[in-house]
Structures are given as structure tokens and as C-alpha cells.
Amino acid sequence: MSGDARSTLVSRFEEVRLGDAASVGGKGANLGEMTSAGLPIPPGFVVTAEAYLEAIDHAGIRQQLLDGFREAAAAADDPARLASSAAALREAVRAVPIPDDVRAAILAEYHRLGEDVPVAVRSSATSEDAEGTSFAGMHETYNNVVGDDAVLARLRDCWSSLYGDRVISYRASQGMAEEPVLAVVVQTQVVSDRSGVMFTVDPSTGARDRLVIEAALGLGEVVVSGAVEPDTYIVAKDGPRMLSARVGRQTHRLVADPDGTVRREELEPARADARVLTDEEVLAVAALGLEVEAHYGEPQDTEWAYSGGRLYMLQSRPVTTLGGGPAPSADAVPPGGSAPAGTVLLRGLAAAPGRVTGRVRILQSPADGASLQAGEILVAPMTNPDWVPTMRRAAAVVTDGGGMTCHAAIVARELGVPAIVGARTATTVLRDDELVTVDGAKGEIIEGADGAASASGAAPAVVSAAAAPAVPEPLATKLYVNLAIAERAEETAALDVDGVGLLRAEFMITDALGGMHPREMLARGEREDFLHRMTESLLSVTRAFAGRPVVYRTIDFRSNEFRGLEGGERFEPQENNPMIGYRGAYRYVKEPELFDLELELLARVREETPNLQVMLPFVRTTWELEACLELIDASPLGRQRGLKRWVMAEVPSVVYRIPEYAAMGIDGVSIGSNDLTQLMLGVDRDSEICAELFDEADAAVLDAIERIITACRTAGITSSLCGQAPSNNPAFAEHLVRYGIDSISVNADAADRTRRVVAAAERRILVEAARGAVGG
């Protein structure tokens with residue numbers, strides 16, 4: 001660097017080298033290094049870490065921030081404490097006044113780039129983009145910033161992003177206890193018409209004889225964030241020469257406007273499906289990538305852009321996810337494109353079987369679902385019904401929270417997607433684009449690829465009739481399936497099952513309504529649209545199972561799950577204990593308008609497919625049930641002949657109420673073993689901490705189940721159970737058969753296994769009875 005006073009506060013790219021990373025951060029150091037190498041880098045400068053430290057020293061909060069960071073890092077496993085501490089730190093930084101000398105140095109360099117020139121303002125952490133650590137995407141970046149005030153405002157925003165929740169968690173997970181310090185890059189904005197990312201090594205296999213280029217229209221943020229499906233070009237380094245081109249689909253592009261804003265522009269179908277780069281342009285990008293790699297002497301993860309026919313390099317950093325050992329070539333990778341397995345990174349609860357390799361995609365809410373590309377590993381704090389559209393595209397699911405019976409586990413099993421829940425720190429330990437193998441049977445997340453795992457691009461395993469035995473063993477106990485996703489109905493109906501014992505309404509509704517809260521749709525006057533969408537979705541199930549019963553469980557809203565839907569905050573209360581809060585039958589009594597709409601829907605479907613039956617969830621008291629039955633009887637559904645009315649047995653009070661329920665006209669009782677177990681034992685079914693206490697085979701739970709089945713038989717009504725325990729635990733299934741249960745309903749992937757378990761139990765009972773008769 002030059003020795004004048006300016007250089008301690010700001011440094012031009014041409015003054016910076018890799019060795020200056022402690023002052024200008026990883027991103028700044030790399031931009032300076034590439035500038036010195038003569039690579040096509042848009043001009044700019046770096047606001048140094050010294051400038052940040054001067055600002056917080058001048059404000060008198062440096063020690064306060066350090067103490068606060070260490071306190072927040074110590075609470076990294078406590079999301080509430082972490083969020084609160086991090087937010088306080090960010091607010092403190094945003095309030096920092098920029099000292100006069102720092103302000104003057106920054107604006108002088110900004111004006112040197114041009115008057116009111118648009119710039120990108122990008123965080124550059126002093127630990128960033130170094131080998132072994134990657135803060136990619138964690139700190140803030142702002143595009144198309146115009147004017148003095150805007151540049152200084154975005155500078156503060158970048159500084160405050162040092163204390164983002166994920167940044168603190170990542171630092172804690174990496175054991176990075178030093179004082180967080182940030183430099184900020186200010187770089188002439190390239191108004192790109194095409195842009196993207198290039199790895200000078202195949203990141204999915206580690207093959208170093210090829211490059212992988214992803215390209216999209218407009219600003220490159222859409223590629224980095226995963227907001228669109230980019231083109232993917234595979235290029236051999238020898239030549240270089242094209243190996244393959246996969247054209248993606250880009251629904252929109254981001255455009256930098258002259259007023260300093262970034263505008264989303266929707267694309268016409270012909271443009272959305274068109275190829276982004278010609279072969280010549282792909283090879284030009286590849287040649288630039290080879291030049292960058294040659295300069296650094298190791299594989300690089302780069303960002304590039306075309307603007308007005310000129311190619312620019314915007315960023316480069318070492319690829320941090322490659323394992324040690326010799327550099328493999330594509331030919332050296334085992335069949336299926338997998339590299340040798342690595343170490344176990346995390347363990348959680350094995351929620352859905354299967355083993356698959358893919359890239360990590362960390363999402364914090366369903367609103368981020370578009371970022372997940374098909375075949376990626378979805379990593380989230382927890383999933384609720386509104387995550388279903390995203391989970392469909394995932395190769396596997398990993399969550400921080402949840403137990404074996406949480407929605408993530410239920411939906412993953414039905415989709416045939418490997419899943420691990422209760423991993424606690426998955427969203428902080430794992431990193432976006434990191435290549436991992438998920439073993440859903442063992443509950444392990446393993447570093448790198450594994451030859452025994454499925455490739456992430458492969459379709460999730462599905463249940464089909466071909467998986468069933470050629471001659472299924474007949475059962476006295478009826479075997480039903482649980483279903484939540486309407487599009488799975490055809491393949492599930494091909495199984496040798498007796499019908500659907502549990503059709504989960506809430507999953508179908510969030511799916512059919514595209515994540516909108518049903519009451520929000522009603523508030524917008526879209527009642528008929530609701531009925532149309534749901535009718536088509538439900539008919540796809542009842543038609544597939546024609547001649548076999550389909551037991552539809554009405555919407556079991558839990559406020560914490562449905563607040564996340566579009567418009568949900570207007571209608572869902574805040575509750576401390578939503579699992580035992582405002583849900584089930586009580587909600588229908590208090591909000592009859594939505595229940596009436598659902599009954600109208602069922603009536604429409606049942607007019608065409610009379611195999612549909614209705615089941616009420618979470619019934620606590622007799623008066624609730626009576627009020628709900630009155631609403632059914634007053635509806636078009638209640639006037640249809642042959643309608644079967646069921647209740648879920650989830651609340652322990654049902655043990656004492658079955659004679660009354662039968663007298664009120666209930667035809668069947670389905671035991672929800674998950675909720676019944678949690679309420680019998682006082683264990684939150686979604687708690688990973690208390691997971692070992694959750695036991696459906698506990699003596700108290702089994703006693704309650706036996707009492708329910710016996711009471712149903714005495715009252716002359718049907719008894720059933722919906723849950724995974726019968727397929728996972730043969731002894732549990734035998735208990736149910738011995739108690740005299742009429743049917744068992746399990747997820748489709750467990751149907752064949754459950755049939756064998758139940759058949760074996762029935763045979764044992766028959767043999768015992770025969771021996772007893774002979775002995776008598």
C-alpha cells in the first residue's frame with residue numbers, strides 16, 4: 001500500500017495484494033490481487049478495517065461490541081437469545097456516526113470513480129474468502145448504490161451485518177473468538193446483461209479437469225441467491241472445450257435503474273427459456289477462469305459478468321469445500337459421480353430412510369423456497385405445512401428442531417425423501433453449496449459425496465405397485481395409508497391397501513393455495529377460487545381410491561404453523577403452547593365460517609365420489625363434538641346419505657367418552673398415536689431434547705389404546721390407528737391386533753412392511769388359539 005494517511009482508511013484496488021487481507025478483507029484482497037494481475041476488474045476501492053475500528057472507537061462502543069459478540073456467540077445454540085443479542089449489536093453499529101476523516105476519505109475515492117456513479121457496496125470480512133472458511137452470502141451486499149448519502153448509509157449497513165445471527169453462529173461453530181472486523185468494498189457497478197458464477201473445479205465431484213459455469217440474465221444476484229434456475233455449462237479444461245449445456249428457466253431478471261434502485265423484470269416465456277450464453281461466450285468465460293486459477297494456483301469460486309459485450313471478473317475466492325488428497329479427474333470419480341465419503345459432520349434423529357448426496361441449501365423460512373434448486377439438500381430450522389412445495393424439490397431434508405413425529409418427518413416419509421430432524425445446529429454448522437451425504441436411516445450428515453448414496457439429481461424414491469409382493473398376504477385387520485400430497489394419490493392407490501385412513505387437510509390446503517392462509521383468501525373475496533382449487537385437489541385422491549374409503553381429517557390448524565402463511569399474522573394468535581392451544585374442534589366452534597366452507601367443499605367432492613368420509617381432529621369435550629356435528633348436519637354434506645363421521649382419539653379424555661360419542665352418531669375412532677402419546681406422557685412431540693421420552697409403546701399409552709379399542713368394540717363402532725409405530729415396532733403392531741383393532745393406517749412407504757408385521761401377528765394369534773383349543 002502507499003504510505004499516505006488515506007491508505008489507512010481507504011485503499012484503491014491497485015494498491016492491494018492478498019497479503020493485505022487483514023486490512024481490506026478477503027474480498028478486497030482478491031479484487032486487488034486480480035487487478036494487479038491485469039484481469040478485467042471493475043475499478044473501486046476498499047474502506048479498510050481500520051476505518052471501521054476508528055468509527056467504533058470514536059463512538060466509544062468497541063469493548064461493548066466485543067463483549068456483546070462473545071455473549072451472543074456463547075448463546076449460538078439458543079436461537080431466541082442469539083437473535084436478541086445480535087439485533088442489539090446491529091442497532092448499536094447502525095447508530096455509529098462516521099468520523100469526519102473517514103467520511104472525507106470515502107467520499108474522495110467515490111468521487112474519483114465519477115460523479116454520482118452507481119456502485120456496488122459489498123462487505124469484506126477479514127476472515128472471509130480464506131481457505132477453510134467461507135462467509136459467502138452471510139454479510140450484506142448492496143447493488144446500484146448512487147450518491148454520497150446512499151453510499152455512507154450502505155456502509156453502515158455492511159458494518160452492522162458483522163453481527164447477523166448466522167454470522168455469529170458461524171463464527172462460534174468455527175471457534176473464531178477474535179474481535180469481528182469488517183472492511184467494505186465500493187466498486188463501480190457493472191450493469192450486467194448476463195452474469196453468473198464459475199467454479200474452476202466440479203464442486204459436486206471434486207473433478208479438477210473441468211469447469212462449471214452458471215449463467216443468468218441481468219444482475220448475478222439471482223444466481224448466487226438461487227432465485228432462478230440458471231443455465232449450467234460444463235467445460236473441459238483442455239482446449240477449453242464444451243462438454244454439455246443445460247438451459248435453465250429464468251422467470252425474471254434484476255435490472256439496475258439510473259435512480260439507484262434494482263428492479264425485478266418479469267421475462268416472457270420465450271426469453272425465460274432461451275440460452276444465456278453462446279458457445280463462444282462460454283469458452284471466453286472459461287478461459288478467464290483458467291487465467292484466474294493459474295494466478296492463484298488452486299481451484300477458484302468466481303463471479304463474472306458481461307456488460308455491453310465486455311467480460312468482467314467480479315470476485316474470486318478459493319473453493320472451501322474440497323477435501324484433501326490428490327486432485328481427482330472426472331474419470332477418477334466412482335460410478336454415480338461420488339467422491340469418497342468424509343467424516344460425520346452432524347447427527348440428528350433418523351426421521352425418513354434413504355441415503356443421498358447433494359449440495360446444502362439453508363433456508364430460514366418458506367418464503368425463501370425459490371432458492372432451493374431441485375436435488376439440493378434442504379436445511380431449515382424447522383418445517384411446517386407451508387414448506388411442502390419446497391420439500392418436494394429437495395433431495396433430502398435436515399432440520400435443527402423437531403422430533404420423529406414432526407411435520408418434516410411426516411411429509412418427508414410420504415415424499416420418499418431422506419430426512420433427519422433434531423440436528424440442532426445444522427443451519428449454523430453446514431454451509432450453502434457444501435457437498436454432503438444425508439443418511440436418513442442413521443441420522444447422519446456426512447462430509448462430501450458417497451458412492452453408496454443416490455445422486456442428488458435423481459428423483460426421490462417413490463412408492464409403486466411394483467414394490468409390493470406378487471401375492472399379498474390377506475389380513476383380517478384392514479390396512480390403510482396416510483396421505484398428505486394429492487399428486488401422490490395415483491401411485492399410492494396402486495398399492496394393495498384398503499383405502500386412506502388419514503388424509504391430512506392442512507398439507508393439501510397450503511399446497512393448493514400456494515402458501516396463502518385460507519382466511520386471507522376469503523378476505524380477498526376468493527371463496528369460489530378456494531373451492532375450485534381444493535375440489536380438484538381432493539377429487540384427484542377420491543377418484544384414485546374409487547371404491548375404497550378416504551377418511552378426510554378436517555383442517556387441524558395450529559397457530560404457530562399457520563402464522564407463517566401469507567396473511568397468517570392477521571388471523572393466527574400468538575400462543576405459548578400451540579400444541580394444546582387454539583386448534584381442532586374447538587376452533588370450528590369459534591370460527592364456523594371456515595368450517596362451513598370446508599363442509600361445502602366436502603359436499604361437492606362427495607357428490608361425485610361418495611367414498612369420502614369426514615374426521616374431526618383434537619376433540620376435547622362432548623359439547624365441542626356436539627356443536628361440530630350440528631354444523632355438519634346443517635350443511636349440504638350432512639344431508640348426504642351414507643356419510644361416515646369419525647373423530648381422532650388424541651386427547652386422553654376420549655378414553656372415557658367413547659360411549660357418549662357413539663351415542664351422538666360417531667361411526668369410527670382413529671387413534672392419533674403421536675398426539676395421544678405426547679399428552680399421556682407430557683412430552684412435546686416436536687422436542688429434540690425430550691425425544692428419548694417419547695414412546696408410543698409406553699405401558700400407559702398402550703393401556704389407553706387398549707381401552708379405546710375395547711370401548712369402540714363394545715359401542716359397535718370402528719377403531720383404527722394412524723401412525724408409524726406399527727411398521728417400526730412389530731411388538732406394537734401385535735399389541736394392536738391382540739386388542740382387536742379394526743384397521744391400521746401408515747405412510748405408503750411402510751405399507752408392505754406393515755402388512756408383513758400384521759400378518760405375522762395374526763398368524764401367531766391363530767396358532768395360539770388353535771393350540772389352546774387342542775389343549776382344552
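The values are calculated or read from the model by the stated rules, or taken from the named source; none is laboratory data. Note that the coordinates shown come from a computational prediction; the quantities given were computed from them, not determined experimentally. Note that each Cβ is placed from the backbone with ideal geometry, even for glycine, and that neighbours are counted across all protein chains shown. Side chains included, ligands, DNA and RNA excluded: accessible areas come from the protein's heavy atoms. Shrake-Rupley method; radii C 1.70, N 1.55, O 1.52, S 1.80 Å.
If R0 equals 51 Å, the separation of the Cβ atoms of Ser307 and Asn729 corresponds to a calculated FRET efficiency of about 0.25. Close amide H partners of Arg12, meaning residues 5 or more places away or on another chain with modelled amide H under 5 Å apart, are Val46. Report, to the nearest 10°, how far helix 699-715 tilts away from the longest principal axis of the Cα atoms in the chain, using its own Cα long axis and a range of 0 to 90°. Helix 699-715 sits at roughly 50 degrees to that axis. Computed extension length for Ala284-Arg264: 4.4 nm, one decimal, from 0.36 nm per residue of separation with the Cα-Cα distance subtracted. Between Asp100 and Arg271, the contour length at 0.36 nm per residue exceeds the alpha carbon distance by 56.7 nm. Helix 730-739 against the longest principal axis of the chain: what's the angle in degrees, Cα atoms only, rounded to the nearest 10? Result, in degrees: 30.
Remark on Arg249: its backbone amide H falls under 5 Å from those of Glu229, a criterion applied only to residues 5 or more positions apart or on other chains, H modelled at 1.01 Å from N. Shown here are the Rg and Dmax of the Cα trace of the stretch 541-596, at 14.4, 43 Å.
With a simple spin-label model that places each label point 7 Å from the Cα along the Cα-to-Cβ direction, the separation between Arg524 and Arg548 comes to 3.6 nm.
Calculated accessible area for the stretch 580-701 comes out at 39 Å² per residue, all protein chains present (probe 1.4 Å; ligands, DNA, RNA ignored). Lysines within cross-link reach of Lys590: Cα-Cα under 27 Å, excluding same-chain residues under 8 positions apart? Reachable lysines: Lys644. Would you tally the net charge around Leu693, using a Cβ to Cβ cut-off of less than 11 Å, leaving Leu693 out, and scoring K and R as +1, D and E as -1? Spelling it out: positives minus negatives among the neighbours equals -3.
Extending 7 Å from the Cα toward the beta-carbon at both Ser244 and Glu487 defines two label points whose distance is 2.2 nm. In order along the stretch 675-682, the Karplus-derived 3J(HN,Hα) couplings, from 6.51 cos²θ - 1.76 cosθ + 1.60 at θ = phi - 60°, round to 5, 4, 5, 5, 7, 5, 9, x Hz, and Gly and Pro are given as x. Only DSSP H runs of four or more residues enter the estimate; each adds -39500 (n - 2.57), and after division by the residues of the chain the mean residue ellipticity at 222 nm equals -11500 deg cm²/dmol. Here's how it looks for Arg645: its modeled amide H is under 5 Å from those of Asp667, Gly668, which are all 5 or more places away or on a different chain. For the chain, the share of accessible area belonging to carbon and sulfur comes to 51 percent (1.4 Å probe, ligands and nucleic acids excluded). What net charge is computed for the residues neighbouring Thr535, neighbours being all others with C-beta under 15 Å from the C-beta of Thr535, Lys and Arg scored +1, Asp and Glu -1? Net charge around Thr535: -4. Normalised by 2.2 N^0.38 Å, where N is the number of residues, the alpha-carbon radius of gyration of the stretch 483-613 equals 1.06. In the stretch 647-776, the inverse of the mean reciprocal separation of distinct Cα atoms equals 15.5 Å; this is its Kirkwood hydrodynamic radius. In plain terms, the chain from Arg81 to Thr232 could stretch by 50.3 nm, reckoned as 0.36 nm per residue minus the Cα-Cα distance.
With everything on Cα atoms, drop me the angle between helix 49-58 and the longest principal axis of the chain, reported from 0 to 90° to the nearest 10. With both axes taken from Cα atoms, the answer is about 80 degrees. Just to verify a number: FRET efficiency for Leu681 and Arg570, C-beta to C-beta distance, R0 = 51 Å, to 0.05? Working from the Cβ atoms, E equals 0.90. Mean projection of the Cα convex hull over all viewing directions, computed for the chain: 36.8 nm². Taking the DSSP bridge list for the chain and keeping only pairs wholly inside it, about 60 percent are antiparallel. With the charge dipole of the chain set up from +1 on Lys and Arg Cβ and -1 on Asp and Glu Cβ about the Cα centre, the Cα lying farthest toward the positive end among the listed residues Gly289, Ile671, Gly568 is that of Ile671.
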